[in-house]
Structure formats: structure tokens, C-alpha cells
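The values are calculated or read from the model by the stated rules, or taken from the named source; none is laboratory data. It should be emphasised that the depicted structure is a prediction, and the values quoted were computed from it without experimental measurement. Neighbour counts are summed over all protein chains in view; Cβ atoms, including those assigned to glycine, are modelled from backbone coordinates with ideal geometry. Just so you know, the surface numbers come from the protein's heavy atoms only, side chains and all, with ligands and any DNA or RNA stripped out. Shrake-Rupley method; radii C 1.70, N 1.55, O 1.52, S 1.80 Å.
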Amino acid sequence: MATASGTAPATAPATTAPRRRSPLVRLAALLGGLALAVVLVVAPLVSSPFINYQLSSIMVFAVALLGLNVVMGYTGQVSLGQSAFLGLGAYVTAYGVVQGWPLWLSLVLSAALPATVGMLVALAAARLRGLALAMITIALPIVGVPLARRLDEFTGGSQGQVVSFLRAPETTGLANDQWRYYVVTVIAVVVFVLVRNLVRGRVGRSFAVVKENEAVALSMGVSPYRTKVLAFTIASLLGGLAGFMYLAVVQYTSPETLVFATSINLVAAMVIGGSASIVGTVLGALYYVLVPVVAGQVSSSRTALISGAVLLAVLFVLPAGLASLPRRVGGRLRRRTPAAEGAPATPDPDGTAPAVPTPAAASTDRR
Amino acid sequence: MTTRKARPMRITHRSGAVLATASIAVLLVTGCTRGESAGGPGSDGASPGITDDSISIGISSPLSGPTAGPGSCTVAGLAAYIGAKNADGGFEFGDGQTRQVEFTYLDDVYDPARAVSNFRQLTNDGIFAYVGALGTPTNAAVMPIAEEEEVPQVLLTTGARTFSEDADAHPWTTGFLPTYVTEGRSFGELLVDAGQPITVATLAQNDDFGESYLDGFNEAIDGSQVEIVASATYEPTDTTLDSQVTELAASGADVLLSAVSVTPLQVGVLTKAQSLGWLPRVFLPSNTSTPGTILEPGGAAAYPGVYTPSFSKNPNSPAFAEDEDVQAYNAAFEEYGSQIAATYTPHCAWSYAEGAVLEQAFAGMEEPTRDSFMESLRSITDFQAPMLLDGITVDTTSSDESGISTVQLVRYDAATGGYGPVDGY
């Protein structure tokens, strides 16, 4: 049972069985999406710059977390270097703005350069696994910080760089914070839609099978090596893109942007939100941005303590992350009916066989 | 096929619902609309955050993480001064009112993004001024927003020159601590005043911190008989400086300027040089010269002289036990600061002095506006703030210097285990 609920969120998205869908559910889905869109569009217009900054930050870290989720959640490879790509993306953007490059070029390069770096690292690192891989990814922010300090012609040294860009065009009548919110939100929504489609499709299934068992992946004609390199590349691309968004929102970058602690906090937020889950990624970003703010409201001297307590509480109650909350509640309710009660045991008779979950297994698994 | 068609719809539904709920929740919780935000000037021309009987100020400093010690102290010292003064009736203002100061502090973990977030939160809550924050990157990130929104970002607890070197470019920002340039310059001046040929070896951190020291030092010794005969740099991430010290020792210089900001590395420099039989006079920066953590483990007693810049009284030192300022500080800190900062760093004393400077600025404020506050704050001269050493005064009128622009050199006295006055080179 424990095994079943542990693996379910990872494998479920790509491999779930058919569901009966009533027109009512479709309508609800449509309305939900519509409501979300309205909220996303209207929110900045009625909010203070402080709220807009928080909302924009959520978008920034949602994209960074999404990248991390691709490589860690969906593909099961440890990456403790996401902050390095975030920082690299921010620095590339800052350099572009300072040099007066067109914004689209900065945007493209802020994604392409980190992606290239990520791919080169992954080409070597993806041959390793487990702790060795974790060590290589740790090296990225640890090398990155002194490098950013030393290359002060490009980075502004340890004092960092204030970069003023993305001012609201006059014609829009928007304030800067509103305009920046819309820019990062558009990027985030596009990225989320693309990645969602990616992980639901063929690539997503190859991620899942590599995560479960590389030998089985090979036997199915999926190269674990290439899959891992691809996942790393996507993760670093999204990290870089998040760096662009970070600069758009914060308007400042320094070596502090890519410190190792940020990577660790991102990993924690990803796990809290829900590994291998799109909704979980968004929830993780909400956690990452809002918990420190709320903790500061409670007691400024004890933010670390409060954040730690929240982290423990969430992981204790919801080991699969916040995204598993509806499923947990649903599971409790369903378990009361005898029909559902026996179901979970059937597909996973013992936890020993490293079985690749078949669609059928995974689905019953979750019922 | 049906699988793939059906599945995404359900996810859309669920993610949509969750997202929408979350977003709405955020909005409801904050419940803030643009119209209500405390951004604009009040109806009677007063700036936000000030009424006839109160004024609110805010700070964001690292209160958790590796910089929590100094960060907490920047809050605690200020809280102590303000708490004691409030209890005493309040602060007197130049417009004839007496106001209580409301003090809000937030934790930024030395993270620029969090500092910006905190600053936005504080201005959103309607603070009048942002006072005394610690940290170079965090304050650098806040500076452009403070300028754009015309919120005073003043008396910052940082020695970086960015915040003080150009008052015209950054009219809303002022630094408080002596810059690292000032510290470096004070070393140079001491050597020049000796009026004899002196050879110097320099060891500096390879960033703005180290460069500032060298700039100040070079400026002071320019054209004198003092000569730099060897120099080396290091990275803060280095684990040992033995090779740099060995290289510098080969020069046999009379003086070592060791602009090292990392505690264990500074200890390593002191032990390595004497193990090589090189015993120069040593100059240490103010932030790596604490006797208990640096000098004693480093065996500093072996050197003919160890100097460091200082400008504040140590409230724990027996030398100041009878000092009135120190007694007032200790009483106020016990009451209002000790629950914020558990251990003492000099930042506690510095930020306490900041409170007194703030009081001066308030006293000169003829209108309840930020403009008037900045004008008043920038015209304090020759002010002897509590907890500063005799002879160190606050002068905010210079457009290219921080509030405290002089330091005193002190010399380590191994017998007492503390610092004493310097009488020449």
C-alpha cells in the first residue's frame, strides 16, 4: 500500500486508464479554466504592487520548479543545481539588456545558453547515477558563485547588477509591476502548456520508464542516456527562462541568485508541491514564495523555524505533496465503500518486483 | 486512444480548479486593491506612514541563515533605542509634534529577491522610511525601487561604497558605516604619518570588498615613502591561503595588510606567517579582528603589532563599564533587543547609534514629509552618537561619504586580550 501510493503520482500522468466523463465534468473543467484565466488577467489590475510582486514571483519560481520537476519528478534524476541555471539565465538577460540587445534576443539566449550548458554537463553527468550525479549537479552553483563574483565585467561582481527594463509601454496605461506581471505570466502559461503536453506524450512515457527501471527502458527501445540528457536539457532551459523572468520581476541579479541554498529550497518546494505533477509544481511555487511571507507576518525572528515546521507538517500528512490532497481525501471517502477497498492490493501484489507500471496497474493503483 | 483523449480534460479540470481556488484565496487573504494601497501622499500633504502622533519605519535584514547574527543585531540595536525612547515619551520632531515610532522588521535571509519582496510589503503597509538594513546585494536590489517610489532607504548597515559615493545619483539612499575604502585609507595614513620608508605586502579578497580596501590604502600612500612590495589575492571559497602567505612572506615586508573577510582564513593567515618566521605588523579589517575568534586562535600575540579600525564601544568590555552610554545601551538592549538578537556583534551597537542619528533627523524635520526628512537627515554634522568612540562623529552632509566617515585604529594588547589605543606606527 505504501509503495503503491508512493509511486502513483510519478507514473500516473502518463499512464492512466480511461475514465468515464460526463458532460457535467467537461463543463466544470471549462468553467474552472475560464475562472482561472479571468483571475490571472484581473488580479494585477486590482492588487497593490506588493501583491503583484508576489504573484509574479510565483510565476518565476513555478517555471524554475517545473524544470526541476521534469528532471527529478518525472525522470527521477537528482539535480541540485537548478539555481545555477536560474542565475545564468538572469545574467544572460542582464548582459543583453546592458548591451542593448533586442528583448526577444535576450529571451531566446537566456533559455538557449543555460540549455546548452545543461546539455553539455548532462552529456557527461548522465552516465552517472545516484549520489555521483547529485555531486556533479551540486558543483554547478558552487562553481557558479565565485565565477559570477570574478567575472565582474559581465556580472557586476559581488555587488550585482541593477537592470532596469520591461517598463510598461505608455499605450497600455499599465503600471510597471502590472506589465511585468503580464509578461512573466504569459511566459509561464505558455511554458506550462508545452511541458504538460510533453510529459503526457511519448517523451513523458520514456521519462517515466527510465525513472522506474533503466533496463526495462532499454528493452523497450528507450535509451536511458538520451532520455536523461533530454530531461536535463529541458530542466536547464526552463531554469534559464525562469532567470529571465526573475530579472524581469526583481530587476537585479547578483551571485546570491545562484547560491546553492536556493537549489535546495527549490527541491524542497518541488517535493512539497508534488513530485511529477503539474498542479504540484504550481502549489510548490506558491509554497516557495508565500510561506516565507506568511512566516514573516507571524514572527520575523523565527521565519526559518516556521518554514521548517510547515515543511515537516506537509510531508508528514501528505508524503506525496500538496497535489495529492484531493486524491487523499477522495481515497478516504472511497475506501468506505467495500468495492474500492480491495482494489489497491490487486495490481501490486508485492513491492519487490521492479515492475514498470502498466497503464492498467497504475490506474487501479490510484483508485 | 480514448485514454489519451480523455485524460487531459480531467487534469485540466482539476488543475484549473485548484489553481483558481488558490489564486482567489491569495487575493482574498490579501484583500488589497490598488485604490487602498498606501502609496500616494496623504490628504494634508503628509507622506505615508506619519500621523500627528506616530511614524512607522521598517527594515529587512537577514534574521535566519548564515548572516543571521549580524542581521539580527541590526534590528535589535535599533529596536532597543526606539523602544527606550518610545517608553520615555516618544521622539520630538521639528514640526513641534512628539511621535511614537512604530518599528517593523522582516527577514530576508540575505536573498535579494526576498529583500525586494519585504521592501514592497513594508511600503505597502505604509512605512515612512526604510532604515538600517544590512547587506550589500539586498540593499542594492532595493535601491532602484526606493528611488522610483521615493521612499527613504537610509543609514544602511553596510560598508559598500555604492550606497554612499554619489548622493546626487541616489538621493533617497544613505549608508551609515564607514566604507571599506575608509578603513583601507586609515591604515595607509598611519603608515605615511610614520615618515619613514615602509614596505607593505597586501592580501585581498578578489572582489569589491578587497578592492575597496586596496583603493583606500593606495590613495593614502600615494607619493609617500610607503611602498607595496608584494600583493596576492584569494577567493572567498578558498580553503587555505598558505600559498599566498608563503609568497608574501618571501618579500619580507614590514607590514601585512590582510583584507580577508572569512574568519577561518584570517586565522590561517596569522598562524601561517609566524610559522614561516615572518612577523610583520598586521592590519586586519574591522569585520575579521575579533580577539576571541581570530586573534587568540591565530596566535596574534607573536606579532609586533596587530591593528584594526574601530568606531564603536564594546558594551561587554570592562573598559566601558562605567560609561553612561554603555549603561543606557545595556539597559535598553536587555529590555527591547535581547529577544531579537541572542549574541552580541558590533552591529548591535552600530544600529543603536543609528537610532540616535534617526532622532536627530526627526528633530530637524520641519514638515511631516519624506522630502523634509531626507533634507534633515542629510544635514547632520559633528554629531556624537552614543556608542561611538570619542572623536568619531556622524556627518551626513558629504555627498560621497557614508554617515560615519572616520575610524580610529586600535592596537591589539595581548595582555588584556582586547584592543587599546594606538600611539603611532
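Side notes on the structure shown:
- Using the Cβ-Cβ distance between B:ALA169 and A:ALA215 with R0 set to 60 Å, the FRET efficiency works out to roughly 0.45.
- Of the peptides B:103-115, B:318-330, the ranking by mean beta-carbon count within 10 Å, highest at the top, reads B:103-115, B:318-330.
- Gain on full stretching of the segment that runs from B:LEU279 to B:ALA319 - 0.36 nm per residue minus C-alpha separation: 11.5 nm
- B:VAL306 long-range amide H proximity, modeled H, under 5 Å: B:VAL282, B:TYR412
- Restricting attention to the protein assembly as shown, close to 35% of DSSP beta bridges with both partner residues there are antiparallel.
- In chain A, the ratio of gyration radius to Kirkwood radius, Rg to Rh, stands at 0.98 when only Cα atoms are counted.
- Note, ³J(HN,Hα) from phi for region B:238-249, Karplus 6.51, -1.76, 1.60, rounded to Hz, x at Gly and Pro: 4, 9, 8, 10, 4, 5, 4, 5, 4, 4, 5, 4
- Among B:VAL229, B:VAL260, B:VAL357, the residue with the largest mean-square fluctuation in a Gaussian network model of chain B, with springs joining Cα atoms closer than 10 Å, is B:VAL229.
- Our coupling estimate for region B:384-392, obtained by passing each phi through the Karplus curve with A = 6.51, B = -1.76, C = 1.60 and θ = phi - 60°, is 8, 6, x, 6, 8, 4, 4, x, 9 Hz, Gly and Pro reported as x.
- For chain B, the antiparallel share of DSSP beta bridges with both residues in that region comes to about 30%.
- Remark: mean inter-chain Cβ contacts per residue of B:207-218 equal 2, using a 10 Å Cβ-Cβ cutoff to other protein chain atoms.
- For the chain pair A and B, buried accessible area totals roughly 5300 Å², probe 1.4 Å, rounded to the nearest 100.
- Separation of the A:LEU151 and B:GLN225 label points, Cα + 7 Å toward Cβ, nm: 4.7 nm
- For B:THR233, distant residues with modelled amide H under 5 Å away: B:ALA204
- Only Lys, Arg, Asp and Glu carry charge here, each on its Cβ (+1 for the first two, -1 for the last two); on that basis region A:49-341 has a dipole of about 1080 debye about its Cα centre.
- Ordering A:303-316, A:191-204 by mean Cβ neighbour count within 10 Å, with the highest value first, yields A:191-204, A:303-316.
- With Cα atoms, 0 to 90° folded angle of helix B:263-275 axis to chain B main axis: 10 degrees
- Delta accessible area of at least 50 Å² on complex formation, residues of region A:285-317, 1.4 Å probe, chain isolated as reference: A:SER300, A:SER301
- Each peptide in B:230-240, A:84-94 receives the mean, over its residues, of other Cβ atoms within 10 Å, and ordering these scores from highest gives A:84-94, B:230-240.
- Folded to 0 to 90 degrees: helix A:23-46 orientation relative to chain A principal axis, Cα: 20 degrees
- Percent carbon-and-sulfur accessible area, region A:49-341, ignoring ligands, DNA and RNA, probe 1.4 Å: 70 percent
- Built amide H within the under 5 Å cut-off of B:SER312, gap 5+: B:LEU389
- Kirkwood Rh (inverse of mean 1/r, distinct Cα pairs), region B:318-425, angstrom: 15.9 Å
- In the full protein context, chain A carries 43 Å² of accessible surface per residue, based on a 1.4 Å probe and ignoring ligands, DNA and RNA.
- Other residues with beta-carbon under 15 Å from the beta-carbon of B:ARG114 carry, at +1 per Lys or Arg and -1 per Asp or Glu, a net charge of -3.
- Shielding by partners - mean other protein chain Cβ count within 10 Å, residues of A:26-38: 5
- Helix axis angle, A:103-125 relative to chain A longest principal axis, alpha carbon, degrees: 50 degrees
- For the residues A:GLY243, A:GLY331, A:GLY144, a GNM of chain A with alpha-carbon springs under 10 Å puts the largest fluctuation on A:GLY331.
- Charge dipole (the protein assembly as shown, unit charges on Cβ, about Cα centre) - positive-most of B:GLN327, A:GLY73, B:THR345: A:GLY73
- Nonlocal Lys pairs with alpha-carbon distance under 30 Å, the protein assembly as shown (8 or more apart, or different chains): 4
- Scattering profile of chain B at q = 0.07 Å⁻¹ [log10 I(q)/I(0), Debye over alpha-carbon scatterers]: -0.40
- Accessible surface, per residue, of chain B when the full set of protein chains is kept, probe 1.4 Å, Å²: 38 Å²
- The mean number of Cβ atoms from other chains found within 10 Å of a Cβ in peptide A:54-67 is 1, as a whole number.
- Sequentially through region A:267-278, phi angles give Karplus couplings (6.51, -1.76, 1.60; θ = phi - 60°) of 4, 4, 5, 5, 5, 5, x, x, 5, 6, 8, 5 Hz, Gly and Pro residues having no value and appearing as x.
- Computed extension gain for B:ALA328 through B:ARG411, at 0.36 nm per residue and net of the alpha carbon distance, reaches 27.2 nm.
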